[in-house]
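Every number here is computed from the coordinates shown, using simple stated rules; none is lab data. In this text the structure is predicted, and so the values were computed from the model without any measurement. Heads up, the Cβs are rebuilt from the backbone with ideal geometry, glycines too, and the neighbour counts pull from every protein chain shown.
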Amino acid sequence: MTSVFLKYFETAPDSKTRKCKLCGQSYSIATATGNLGRHLNNRHPGYDKASDVATTSVPHTPQVAAKPSQSHSRPPQIDYDHSLPLP
Ligand SMILES: [Zn+2]
């Protein structure tokens, strides 16, 4: 299970501590992610707005509905019969 808070912490090479990427504060690997989140809230207010800006501003591209092209390849029924007798 991954917590969103873990994005802001990096695990030490020995996998025993986690370090806050923002201030370097170390926590035991056993520290509940809730506590990590509290650290972020207390020490780094607005941390969640400082990054991941790109994810919230997705440009809205109107989906142009592609018209179904008339792919029923009917043979053109234009068959001028020039042999019709003119009135
Ligand atoms: Zn910190």
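One chain, two ends: THR61 and SER83. Fully extended at 0.36 nm per residue, the span grows by 2.3 nm beyond their Cα-Cα distance.
Basic side chains Lys and Arg get +1 at the Cβ, acidic Asp and Glu get -1 at the Cβ, and with that the dipole of segment 4-47 about its Cα centre reaches some 80 debye.
Near the amide H of PHE9, within less than 5 Å, lie the amide hydrogens of LYS21, all on another chain or at least 5 residues away, with H placed in the peptide plane. Projecting label points 7 angstrom from Cα along Cα→Cβ for HIS44 and SER15 puts them 2.4 nm apart. All C-alpha to C-alpha distances of segment 4-47, sorted into 10 Å bins beginning at zero, yield P(r) values of 31, 61, 8 percent in whole numbers.
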